[in-house]
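Just below is one structure, and these are the notes that go with it.
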C-alpha cells in the first residue's frame, strides 16, 4: 500500500504561514535519527531533510498564508496546507497517516489520525522535518525584512521578545490578526 505521512509546522505561531508536508517513504526505509522534529536539533533536521528528499518515493510541501489563516482559522488552515501538499504528490497515495486527532477528509482517500504520530511513524516524522525546516527557512527570510521581531530565533512563536516587539513596533503584514498577539487577556479565538 502506498501510504503518505502528513504533518504541519507553525500552528501555534503569531506570525507567518502554516506549512505542511506529505511524504511517501520506501517500504523498508530506516533511519535511526528520524523522529519528531521537535526532538531534533536544527542541524539534525537539516541533515535529515537532505536524506528524506533523496530517499523518499515522493514528497511535497503545502503552505497557507497568514491572510488565509485569519479567514478560515488555524485548524482549517492546517488541513488546507496538508491538502495542498498532497495535491502536489506525483505518486498518488492509497492511504494517509495524519499527525494529530482531527483531519478534514482529502477527496476519497482513506486516512488515519495518529496522536503524536511523528514519534510513531517514520513517514509522519519525515513530514514533520520537512514542514519544520521549510517553515524555518521562510521565517529566516522574513526576519531579514523585519529584524525587530527576532523571527530567526523564535520563528514567529509567542515568546516574550516577540510580544514586546509587537507592543513597541506594531504588527506586520505577516502577523495573524485573529490571534492573541500581545498575550494580555485580549479576546482570542478558541480554536
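Out of 183, 170, report the one residue that is surrounded by fewer than 17 Cβ atoms within 10 Å (Cβ to Cβ), free of Cβ contacts under 8 Å to residues at least 12 places away in the same chain and over 23 Å from residue 35 (Cα atoms).
Details: 183 fails: free of Cβ contacts under 8 Å to residues at least 12 places away in the same chain.
Going through 183, 170 in turn, just one is surrounded by fewer than 17 Cβ atoms within 10 Å (Cβ to Cβ), free of Cβ contacts under 8 Å to residues at least 12 places away in the same chain and over 23 Å from residue 35 (Cα atoms): 170.
Could you say which residue among 35, 31, 76 is surrounded by 14 or more Cβ atoms within 10 Å (Cβ to Cβ) and touching a helix residue (DSSP H, G or I) at 6+ places or on another chain (Cβ under 6 Å)? Spell out how you get there, then give the answer.
Details: 31 fails: touching a helix residue (DSSP H, G or I) at 6+ places or on another chain (Cβ under 6 Å); 76 fails: touching a helix residue (DSSP H, G or I) at 6+ places or on another chain (Cβ under 6 Å).
Checking each option against the conditions leaves just 35.
When you check residue 80 against the structure, is it in a helix (DSSP H, G or I), closer than 20 Å to residue 139 by Cα and without any contact (Cβ under 8 Å) to a residue 60 or more places away in the chain, yes or no? Give the steps one after another, and end with the answer.
Working: in a helix (DSSP H, G or I): yes; closer than 20 Å to residue 139 by Cα: yes; without any contact (Cβ under 8 Å) to a residue 60 or more places away in the chain: yes.
It is true that residue 80 is in a helix (DSSP H, G or I), closer than 20 Å to residue 139 by Cα and without any contact (Cβ under 8 Å) to a residue 60 or more places away in the chain.
Within the range 3-28, count every residue that is in a loop (DSSP other than H, G, I, E, B), closer than 15 Å to residue 127 by Cα and either under 10 Å from the mean Cα position of the chain (by Cα) or at pLDDT below 95 (or both). Break it down stepwise before answering.
Our first condition is that a residue be in a loop (DSSP other than H, G, I, E, B); within the range 3-28, this holds for 10-14, 16-17, 25-28.
After this cut, where a residue has to be closer than 15 Å to residue 127 by Cα as well, the list is 10-11, 25-26.
With either under 10 Å from the mean Cα position of the chain (by Cα) or at pLDDT below 95 (or both) added as a condition, the list becomes 10-11.
Number of matching residues: 2.
May I ask you to list the residues in the range 136-145 that are crowded, with 17+ Cβ neighbours inside 10 Å and either free of Cβ contacts under 8 Å to residues at least 60 places away in the same chain or at positive phi (or both)? Lay out the reasoning, then the answer.
Step one: list which residues in the range 136-145 are crowded, with 17+ Cβ neighbours inside 10 Å, which gives 136, 138-139, 142-143.
Across the range 136-145, the qualifying residue is only 143.
Within the range 87-105, identify whether any single residue is surrounded by 21 or more Cβ atoms within 10 Å (Cβ to Cβ) and assigned to a helix (DSSP H, G or I), and answer yes or no. Spell out the reasoning first.
So the first thing to find is which residues in the range 87-105 are surrounded by 21 or more Cβ atoms within 10 Å (Cβ to Cβ), and the list is 93, 96-99.
Retained after the next criterion (residues that are assigned to a helix (DSSP H, G or I)): none.
No; the residues of the range 87-105 include none that is surrounded by 21 or more Cβ atoms within 10 Å (Cβ to Cβ) and assigned to a helix (DSSP H, G or I).
Keeping to the range 131-164, report how many residues are assigned to a loop (DSSP other than H, G, I, E, B), over 18 Å from residue 180 (Cβ atoms) and out of contact with any helix residue (DSSP H, G or I) (no Cβ under 9 Å at 6 or more places or on another chain).
Summing the residues that are assigned to a loop (DSSP other than H, G, I, E, B), over 18 Å from residue 180 (Cβ atoms) and out of contact with any helix residue (DSSP H, G or I) (no Cβ under 9 Å at 6 or more places or on another chain) in the range 131-164 gives 0.
Of all residues in the range 68-77, which are in a helix (DSSP H, G or I) and either touching a residue at least 12 places away in the same chain (Cβ under 8 Å) or within 15 Å of residue 104 (Cα to Cα) (or both)? Write out each step before concluding.
We begin by selecting, within the range 68-77, every residue in a helix (DSSP H, G or I); these are 68-72, 74-77.
Across the range 68-77, the qualifying residues are 68, 69, 70, 72, 74, 75, 76, 77.
Which residues, counting only those in the range 120-130, are more than 15 Å from the chain's Cα centre (by Cα) and part of a helix (DSSP H, G or I)?
Our first condition is that a residue be more than 15 Å from the chain's Cα centre (by Cα); within the range 120-130, this holds for 120-122.
Correct list: 122 only.
Inspect the range 112-135 for any residue being buried (at least 17 other Cβ atoms within 10 Å of the Cβ) and farther than 25 Å from residue 55 by Cβ and give the result as yes or no.
no
Are any residues in the range 40-67 closer than 27 Å to residue 95 by Cβ, in a helix (DSSP H, G or I) and out of contact with any strand residue (DSSP E or B) (no Cβ under 7 Å at 6 or more places or on another chain), and if so, which ones? So that I can check it myself, show each step before the final result.
Applying the first criterion (closer than 27 Å to residue 95 by Cβ) to the range 40-67 yields 40, 45, 48-64.
Imposing the further condition that a residue be in a helix (DSSP H, G or I) reduces the set to 45, 48-55.
Residues satisfying the conditions are 45, 48, 49, 50, 51, 54, 55.
The values are calculated or read from the model by the stated rules, or taken from the named source; none is laboratory data. Only a predicted model underlies this, so the values are computations on that prediction, with no experimental measurement involved. Ideal geometry is used to build each Cβ from the backbone, glycine not excepted, and the neighbour counts take in all protein chains shown.
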